[in-house]
Amino acid sequence: MIRSRFFLMLVVAACSAVGFALLVDSALTQEKAAERKFTSAVESKAEYERTVAPFLKKHCIMCHGPKVAEGELAFHELDIDMKASTSSGRWAMVIEKLATREMPPEGRAKPSDDELKAVTSWIQAEMKRAGKNFSRRHAIANGNKISHDKLFDIKQAAPFDNPIRIRVLSPEIYTGFSTDIAKGLSLGQPFTPEGRTTFKDMGAPKIDEPVAVQLMNNALVIVERQTAHKIEGGKLVALPGAVKDMLSFVDESVPLTPVLMDKAISGQFQKILNRAPTVDEKARFVKLMQKNVKDAGRATGMRYALVAVYLMPEAIFRYEIGAGKGDDRGRIRLAPREIAYALAYALTDKRPDAKLLSDAIEGKLDTKEGVAAAARRLLDEPKLEKPRILRFFREYFGYDKAKEIFQEDKANPEHDPRALVEDTDKLIEYILAQDKNVLYELLSTNKSFVAYKTAADTKKKRAEAIKKFEEQKKKDPAKFANKLPQKIGRSVYTAYNLTDFPDQQPVELPAEERAGILTQPSWLAANAKTDENHAIFRGKWVRERLLGGVVPDVPITVDAQLPNTPDKSLRERMNVTRQEYCWKCHQFMNPVGLPFEIYDHFGRYRDKEPVVDPDATAKKVDKKGKSLGIVLREIPVDSTGGISGTRDPAVDGDVKNAVAMLRKLAKSEHVEQVFIRHAFRYWMGRNENLGDALSLQTAQKAYGESNGSMKALIVSLLSSDSFLYRTPTVENKK
Ligand code: HEC
Ligand code: HEC
């Protein structure tokens, strides 16, 4: 990829000029540590003795040892050879308790990050050696674990705790940024979303070698295009795509004067970083240019120097280090420029616009009110695309996963997940455009779009096909007697139990059949298996994202499969989870998942469920007694369930189906608070903690006082202390 060793040297020079190598290095060593390998039990044991045993002795043994074994966990009895034992499940639990900082419990000395990292990486490496499937989810803190009551307790006075941080750009921001700079160039995507967190944009910074190489190559492609030229008769001739202003940088006939270098450096800084270089940066880049040009010639040397600006940490990372003023409570405010970037990235995939940057310079972002006004302006600006808002709902509800589940075409040829997802996108946009009682509408509306992008067109083409068919039939009745008109498009309306595409969109579906996003075919299909419903997943979703509950992960020792008894209903097959041991978890999922049995896995409303009829199937044989396939019969759907955990007697209790359940949940204040917690996570890019209580409560108030305006909620979050302030770490407090 990097074109030769010689060029590699130039890149290294460029990187060191901007301090990039250091970043790559430290990110690399961190990754390597996480990926350590043990080749033998002996090697693993040695590392255990070296790092883990002393850690446990210092922090855990007093409660999990020979004298006391809290939670029935005693480390001296827990096997450290995970290959020769079944201890890995317990060790996975240790990772989780450490990652969520639940252990050691409050009031005990907190282990340092390095200690935690060492212990976690030993457990992971030993699991890998033992071939145990370690789900990385274990290591991710679950935001719901923070007590809901404490968060919404108006007397909550926990100290503010929001460490400074540096995040890598999201893939979307990177694309937004590079398409602005390099129109028409197709660049490889260096970044991948984390994929382990509730929301994609919550991940930790991660720059490894492939990412770094991709970033450099992209930068090179951009700069080479901008300075594209050939030499004809000793003269430089511009090639298509070249930026006229930049050609003088690579033109050997133009002397490389300090003024020219200054222009090159300043222009590049302005374009990529939205600011002028500092005196020190300018000096470093001048040196880099001179050296490069000497080593590699004018064009190549200059190009590699220009590339270096793209590799500056500032161009790759989102800085929220609190470069602003401190306050009397020991917090530091983000600098105005950091706020401008944070606001832009909260709503758009682009860097801040000129107005935001000038707001920052003019001091308009120095007050909470000023930041709120800036956020409001961005939200109200019709021309500004704000893809991050719809993305929140996509990631929160997760309905777009319908496209990843490959439902069998044979069972339902009309299934069109792409269209279903577009319909739900559109419904959300419709509700957001009204901006009134947004959550309530999302959970209860019986309005829907139905293949809204293609419905009119399909309908027209179908009418034409029928007309043509009728004409042909009239001409040649014999030939067309047993034929049907040509089939055009999919009858997506069947997913909504309609008999045709509606003329008006959105259409009102029967109120007893549909209530909001969770009854949209997209969501139902996304939370289904390829050939049947998945009441457990659906229930888990409701428990976590509407009720704010925590369901522990399936224990590694459980063979999580339903009995293969196709003559029984899904509900009956799920009876295996009623055993006491299973029920302590499944009680939180099944009762809020089974109400969705009024739909099938394509999202079609139903009151009957097909199951195999064993008797009829046994009889359906040919003369030789060979089976001619299964016979189905229909049994009535039982969609009863019950809500628990809202502590609201008007909401908790039995429900007859999903529609009844959602209509109740839509009115629950508890559910509203859980929704606000999720919005908080998305827009802050991290989980909430007790120190965020005021921000959350203020956001809920703003939402309530505005009659459920999503805009008001977002403005409140984006001007909250949690957005604007950071707590310094020990080092930068000094
Ligand atoms: C002050 C006593 C105390 C200390 C110190 C302590 N724990 Fe615990 N731990 C408990 C109690 C009590 C429970 C059971 C209740 C619970 O799960 O919260 C528990 C439960 C656990 C569990 C869950 C056990 C299970 O299978 O349900 C794990 C894992 C755990 N602790 C790990 C640790 C680790 C690792 C440390 C050291 C970093 C540690 N604990 C330090 C008191 C302690
Ligand atoms: C500690 C909590 C817990 C216990 C105990 C538990 N489960 Fe589960 N189970 C879950 C969770 C959480 C899921 C959702 C799976 C996921 O998110 O990947 C699940 C999913 C399942 C599934 C669906 C799996 C799939 O991917 O289709 C089945 C079947 C299941 N459990 C059966 C059982 C049975 C049987 C028992 C008792 C022997 C049991 N579970 C005990 C938490 C638990």
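Structure notes:
- Take 415-423, 300-308, 285-293, 368-376 and order them by the average number of nearby Cβ atoms within 10 Å per residue, most first; the result is 300-308, 415-423, 285-293, 368-376.
- Kirkwood Rh, angstrom, the range 35-139 [1 / mean 1/r, Cα pairs]: 13.9 Å
- Nitroxide proxy distance, nm - points 7 Å out along Cα→Cβ at Leu390 and Ala109: 5.4 nm
- Once both labels are positioned 7 Å from their Cα atoms along Cα-to-Cβ, the gap between Lys230 and Thr192 label points is 4.0 nm.
- Between Arg578 and Lys667, residue separation times 0.36 nm minus the direct Cα-Cα distance comes to 29.0 nm.
- Ordering of 625-634, 391-400, 350-359 by packing [mean C-beta count within 10 Å, highest first]: 391-400, 350-359, 625-634
- Segment Leu484-Ile181, extension gain: residue separation times 0.36 nm, minus the distance between their alpha carbons: 103.7 nm
- The chain has equivalent-ellipsoid semi-axes of 48, 38, 29 Å, by the square roots of 5 times the alpha carbon gyration tensor eigenvalues, sorted largest first.
- Distance in nm between pseudo-label sites at Lys37 and Lys145 (7 Å out along the Cβ direction from Cα): 3.1 nm
- Computed from the C-beta positions of Thr557 and Lys467 and an R0 of 60 Å, the FRET efficiency is 0.40 to the nearest 0.05.
- Within the range 169-248, the trypsin sites (Lys or Arg not before Pro) that combine a DSSP coil assignment with at most 12 other C-beta atoms in a 10 angstrom radius are Lys183.
Only the coordinates and a few stated rules stand behind these numbers; no lab work does. Here the structure is a predicted model, which means the values were calculated and not measured. Note that we place each Cβ from the backbone using ideal geometry, even for glycine, and neighbour counts take in every protein chain shown.
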